[in-house]
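Student: One structure follows; several queries about it will come next.
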Amino acid sequence: MAIFILFAGRFNSVSHCEYYYINDVFVHETAIIDSGAKTGTGIQIWHWTHVGSSAVIGQKCNIGQNVFVVDQVTIGNGCKIQNNVSLYKGVLLDHSLVAGNPTKQIGWMCMRVERLAGHLHCPCCGKNYQRIESGLTER
Ligand SMILES: [Zn+2]
């Protein structure tokens, strides 16, 4: 899907995932982010989600509804956390897609809204990724 944005005085056609990439922080009014938590730019945090005081959330993440991010959790960049997930401890690699309780990684994301297809290809913007130690990087 192409979305047109007036940018630097001219129209650029950007893909759906890139459109969300450049948008800024959204935190729903029912979400609670304890003071001390570190949150990156370009994140979305939805209804009734609670982020603990020593949690770290990377850039361009999408945290769903009713998600519990306890202290000592680090979420990498570009991750998507599905609804009703509880994260108690540990590190999520960049571009992870996680769901369920107990939580499992079920895939990879381009940015916070587009799931990557096989071979880590984004069907939305056409970017290709590869695995590295910290998660994914653009190829
Ligand atoms: Zn993409």
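Since every read-out is calculated from the coordinates, none of them should be taken as a lab result. This one's a predicted model, so the numbers in the text were calculated from it and none came from an experiment. Don't worry about glycine lacking a Cβ; one is built from the backbone with ideal geometry, like all the others, and counts go over all protein chains shown.
Student: Per 0.36 nm of contour for each residue apart, how much would the distance between residue 106 and residue 125 grow if the chain were fully extended, relative to their Cα-Cα spacing?
Tutor: Numbers: separation 19, 0.36 × 19 = 6.84 nm, distance 2.08 nm.
Roughly 4.8 nm would be gained on extension.
Student: Hey, another quick one. Does segment 13-138 come out rounded, prolate or oblate by the C-alpha gyration tensor, with a ≥ b ≥ c the root eigenvalues, rounded set by a/c under 1.5 and, if not, prolate when a/b is larger than b/c and oblate if not? Could the numbers behind the result be given before it?
Tutor: Working: a/c = 1.85, a/b = 1.44, b/c = 1.28.
Here segment 13-138 falls in the prolate category.
Student: Nearest 0.05, what FRET efficiency do residue 27 and residue 137 give at R0 = 30 Å with Cβ-Cβ as r?
Tutor: 0.60
Student: What does the net charge come to around residue 55 if you take all other residues with beta carbon closer than 15 Å to its beta carbon, with K and R at +1 and D and E at -1?
Tutor: Combined, the nearby Lys, Arg, Asp and Glu give 0.
Student: In what sequence do 57, 33, 106 fall when counting other Cβ within 10 Å, fewest first? Walk me through the intermediate numbers first.
Tutor: Values: 57 23, 33 19, 106 13.
Least crowded to most crowded, the residues run 106, 33, 57.
Student: Can you give the extra length, in nm with one decimal, that the chain gains between residue 66 and residue 115 once fully stretched, where that is 0.36 nm per residue apart less the Cα-Cα distance? Numbers along the way, then the final one.
Tutor: On the way: separation 49, 0.36 × 49 = 17.64 nm, distance 2.08 nm.
Result: 15.6 nm gained on full extension.
Student: Are there trypsin sites (Lys or Arg not before Pro) in segment 17-96 that DSSP marks as loop and that have at most 13 other Cβ atoms within 10 Å, and which are they?
Tutor: Here the trypsin sites (Lys or Arg not before Pro) that fit, given the DSSP loop and packing criteria, are 89.
Student: May I ask which residue of 116, 88, 66 lies farthest towards the positive end of the charge dipole of segment 13-138, with charges of +1 (Lys, Arg) and -1 (Asp, Glu) on Cβ and the Cα centre as origin?
Tutor: It is 116, whose Cα lies furthest towards the positive end.
Student: Follow-up question, since we're still on this one. Please report the relative contact order for segment 13-138, taking Cα pairs under 8 Å with a sequence separation of at least 6, and give it as a percent rounded to a whole number. Don't skip to the end; give the middle numbers.
Tutor: Values: 350 pairs, mean separation 22.1, N = 126.
In percent, rounded to a whole number, it is 18.
Student: Follow-up question, since we're still on this one. Would you list 69, 27 from fewest to most Cβ contacts within 10 Å?
Tutor: By the 10 Å Cβ count, ascending, the order reads 27, 69.
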